[in-house]
Amino acid sequence: MDKVFVFIGGILGIIFTAWFFFGKKDEAVQARSESPEKAEVDILVKGGYQPSTVQIKKNKITTFNFTRQDENSCLEDVILSEFKIKRFLPLGKTVSFEIKPEKTGTFDFSCGMGMFHGKLIVKD
Amino acid sequence: MKTLKKTYSLKGMHCASCVRVIERALKKVDGVLDANVNYASEKAIVTIEERVKDDDILNSVSSVGYQALLANNTSDEEENKEKQKDLVSLRNKVAVSLFFGAIITWGSFPGLSNYAPDLFKNFFFQLLLATPVQFWAGLAFYKATIPALKNRTANMDTLVAIGTSVAYFYSVFVTFFPAILQKFQIEAMPYFDVASVVIGLILLGRFLEAKAKGQTSQAIKKLIGLQAKTARVVRDGKEIDVPIQDVVVGDLIRVRPGEKIPVDGIVTEGDSSIDESMVTGESIPVEKTIKDIVIGATLNKSGTFLYKATKVGSETMLSQIIKLVQEAQGSKAPIQRLADVISSYFVPVVIILSILTFVVWYVFGPTPALVFAILNSIAVLIIACPCAMGLATPTAIMVGTGIGAENGILIKDAQSLEIAHKVNTIIFDKTGTLTHGTPKVTDIVKVQSSKFKIQSDSEILRLAASLEKGSEHSLAEAIVKDAENKKITLDKIDKFKAVPGHGVEGFLKMDKVILGNRKMMEREKVNFKDSEEQIEKLETEGKTVMMIAVKNELIGLIAVADTIKDSAKEAIQILNKMRIQTIMITGDNMRTADAIARSLGISKILADVLPQDKENEVRKIQSQGKVVAMVGDGINDAPALAAADVGIAMGSGTDVAIEAADITLINHDLKSVVKAIILSKKTMRTIKLNLFWAFGYNIILIPVAMGALYPFSGILLNPIFASFAMATSSVSVVTNSLLLKRAKINV
């Protein structure tokens, strides 16, 4: 009898795990517009990137402010490979940098080891 | 007046009204033109005049009760300090958890426990030791897991936190309620050793990994360390030491023997030999004299000289190199994409596999099924190592680009480094790349004359140079320069006249002297038929021949040619041996081009190609399925460099067109092209080995941990061994990348 419970519990556990991690929907957060040419995004680094999907405009200089509050060393670097940016994020401090996306598309940003990912959507 | 925009982080803001207070304080500072404070990001963006110091800003913010920090560019010192602090804390945690873990293991491991003091076998004593390990040393795992789960993501720490928590809480249950388990005929045996030793070993792995990772970025630290701190500037006739940041373009700087050259510039007085190896990778010191370019951060060896600063701050060659290397290290190699995709699904999949392992062992496994199910599912969680996959490519790229920079090979991004190893055809631009780009006198030939007795070559050179002194032709320049180099005193020439397309003429004392080509000689009715054979021979060698005659009698020949760089022949030979096809592209005619190509061993020539057509030629070769590298100076042939799969710019001095190319060689040595290819091959080999190891490790050991071998051989993986394997796996990937440092790319 206990084996049946474990079996059913296990199957439910597997379904729950798959749903929990893969079933989440990211809603893109728009960059704050500071002026017609400039925008800004604040990203909190805590158990991943919050927000993890950011939408910005093509040809608009966008400032990214990353603040790491997670002690996990995996998150200590952030990499925006499309823009050739790699920054060390000291714990509890804000690191800012600007990018000017010149083409539209979806680009990945991630931690140094590629464990945590975020998306950068560039639109016209 | 130059203005700057700077960003500062603010601390201590608690309400939106703080914004106005800080803005007002900032705007009061002399030289601050505008201040914009953002409450949400806790930042101030300040527009200031260049003279305003950071301290003025920081003080004005602190005067109203807040704290400002420079937001951008965390200093390396700060980064180092933080990393050092983390390392010390990690080391303490490793020591404590492994010590406690060892005591618990002694008291509980089958066989070993027979020799242990009774106290060590006591479950409550084991609980006492395991608890600080779990919640103090292992706190970082929980701290990373909880916010990650809130975000519906998981990582390496999630696996360790779940795995060790299951072992710990099961053991706590066993310790307090052994009777319940015994009722189900399960031996009341806690697994505190698993929880503690696993945490200890994984932290040890992390400690070693962090230390090794620090070494992968050593090259960039070395480059930053090259920067001089001060400069001896001549101001108002006095020499004063000023901090490097205060040097401005146009400053005259004095450099003494053994001193570092502070910024880029041009020598205005004196000469010296300079060791540029730290920047260009060229090991032989370079002689510099007036009008020569000197590079900041290089070392003055012998003489004292004065030079004018032409590039300072972020404009200097060293700053550009550092920026480029940093950017390259932030880029991603295409080969990493697969690892990225896999690692983003990896951890949840491992959790699913762990649940599956538990179910299968519990339902179908031998007794005690619960113990087997728990231990094996923990082993699956612990052995999985996504870090190794994540570290495989970036660590090798960091080491690879670093080695490149040390050898004067600047790689723009990881993609260029990756493609370079596939190159099978290299097109070399001729002028300025294979050759020096400036014509030089190569041959001086005396002609037997009945009227004059010419004693030496230098006499011919003296006459020719005296005559050419007034000419502006590039060939004339070569002759005059050669005479200057040989310290030949020139004669005064009267009635100088240039005959366009022919040559020049003039009078030395009373004698008419002419210098020019066949047309010039025919015009002046000078007989040169006896020397025709010699002239043709020189011409087939790709040289331009000029004849010199005095009083209508031919006395000598001077051949001028763009000379081949010393390193060119050797580089082409090595490339031929590596079975990489070499092609020379040039605007010269076929005869001249053929002579040079033949002497170098280049098999294919694209001659008579106009500069604007070079790009098309590159595309034509690519359309034959070749992976093409184009080597040029990066200035005249930028479109061709961009069209090639890998554009390699060879530069000199500080005017290297870094932006134009995928790979920039900051020395004249053509062997650097070979070095770049070898570096790419070695880096790619390291990456592939790393990825093979990282994937292979997980693909083989996760099933073993699940118990795949048990039905055939009875082999199961104890979670302690799993944690040992996991700790060594990521360390070995980083170590393998560091081994790349020993790679020999010198040819």
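The values are calculated or read from the model by the stated rules, or taken from the named source; none is laboratory data. Fair warning: this is a prediction, and the values are worked out from it, not measured in the lab. A quick note on method: Cβ atoms are made from the backbone with ideal geometry, for glycine too, and the neighbour counts reach across all protein chains shown. Quick note on the areas: whole protein, heavy atoms, side chains included, nothing else; ligands and nucleic acids left out. Shrake-Rupley method; radii C 1.70, N 1.55, O 1.52, S 1.80 Å.
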- Item | Total residues in the range B:117-143, condition open to solvent by less than 40 Å² (accessible area, probe 1.4 Å) and within 14 Å of chain A (Cβ to nearest Cβ) | 4
- Task: Within the range A:52-73, identify whether any single residue is among the aliphatic types (A, V, I, L, M) and at the interface with chain B (Cβ under 7 Å from one of its Cβ atoms), and answer yes or no.
- Result: no
- Identify, from the list B:Lys446, B:Lys453, the residue that is free of Cβ contacts under 8 Å to residues at least 60 places away in the same chain, over 30 Å from B:Asp157 (Cβ atoms) and open to solvent by 10 Å² or more (accessible area, probe 1.4 Å). B:Lys453
- Which of the residues belonging to the range B:83-112 are surrounded by 15 or more Cβ atoms within 10 Å (Cβ to Cβ) and either outside any helix (DSSP H, G or I) or of a type in the set (Ser, Thr, Tyr) (or both)? B:Ser97, B:Thr105, B:Ser108, B:Phe109
- Among (1) within 19 Å of B:Met726 (Cβ to Cβ); (2) open to solvent by less than 30 Å² (accessible area, probe 1.4 Å); (3) within 14 Å of another protein chain (Cβ to nearest Cβ), which single condition is B:Leu181 missing? (1)
- Task: Consider B:Ile274 carefully, then state whether it is in contact (Cβ under 8 Å) with a residue 24 or more places away in the chain and away from chain A (no Cβ under 14 Å).
- Result: yes
- Message: Tell me yes or no: at least one residue of the range B:670-680 is modelled with pLDDT of 95 or more and touching a His at 6+ places or on another chain (Cβ under 6 Å).
- Response: yes
- Query: Which condition does B:Gln612 not pass, out of (1) under 36 Å from the mean Cα position of the chain (by Cα); (2) surrounded by fewer than 18 Cβ atoms within 10 Å (Cβ to Cβ); (3) modelled with pLDDT of 85 or more; (4) not acidic (Asp, Glu), if it passes all the others?
  - Reply: (3)
- Query: Given the structure, is B:Ile558 open to solvent by less than 10 Å² (accessible area, probe 1.4 Å), touching a strand residue (DSSP E or B) at 6+ places or on another chain (Cβ under 6 Å) and at pLDDT below 95?
  - Reply: yes
- Restricting attention to the range B:520-549, the residues that are modelled with pLDDT of 90 or more and β-branched (Val, Ile, Thr) number exactly 1
- Filter result for the condition that a residue is more than 14 Å from chain A (Cβ to nearest Cβ) and touching a Gly at 6+ places or on another chain (Cβ under 7 Å), over B:Thr304, B:Thr268: B:Thr304
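Pick out the one residue from B:Thr158, B:Thr175, B:Thr164 that is open to solvent by less than 20 Å² (accessible area, probe 1.4 Å), hydroxyl-bearing (Ser, Thr, Tyr) and either within 14 Å of chain A (Cβ to nearest Cβ) or without any contact (Cβ under 8 Å) to a residue 12 or more places away in the chain (or both).
B:Thr158
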- Under 8 Å between Cβ atoms, at least 6 apart or on separate chains: pull out the pairs that start in the range B:398-418 with a residue that is polar (S, T, N, Q) and end on any residue that is assigned to a loop (DSSP other than H, G, I, E, B) and open to solvent by less than 20 Å² (accessible area, probe 1.4 Å). B:Asn407/B:Ile745; B:Gln415/B:Ser331; B:Gln415/B:Ala333
- Within the range B:387-443, residues within 14 Å of another protein chain (Cβ to nearest Cβ), among the aliphatic types (A, V, I, L, M) and more than 21 Å from B:His668 (Cα to Cα) come out as B:Ala388, B:Met389, B:Leu391, B:Ala392, B:Ala396, B:Ile397, B:Met398, B:Ala414
- Query: Among the residues of the range B:545-558, is there at least one that is in a strand (DSSP E or B), closer than 20 Å to B:Lys481 by Cα, acidic (Asp, Glu) and out of contact with any helix residue (DSSP H, G or I) (no Cβ under 7 Å at 6 or more places or on another chain)?
  - Reply: no
- So is B:Thr367 farther than 26 Å from A:Trp19 by Cβ, outside any helix (DSSP H, G or I) and more than 9 Å from chain A (Cβ to nearest Cβ) or not? yes
- Listed by range, strands (runs of 3 or more DSSP E) wholly within the range B:604-717 having at least 2 residues that are in contact with a Ser or Thr (Cβ under 8 Å, 6 or more places away or on another chain) and small (Gly, Ala, Ser) are B:628-632
- Tally, over the range B:562-572, of residues that are touching a Gly at 6+ places or on another chain (Cβ under 9 Å) and open to solvent by 10 Å² or more (accessible area, probe 1.4 Å): 2
- Just name the residue that is surrounded by the most Cβ atoms within 10 Å (Cβ to Cβ) out of those in the range B:573-591 that are closer than 13 Å to B:Ile677 by Cβ and of a type in the set (Val, Ile, Thr). B:Thr582
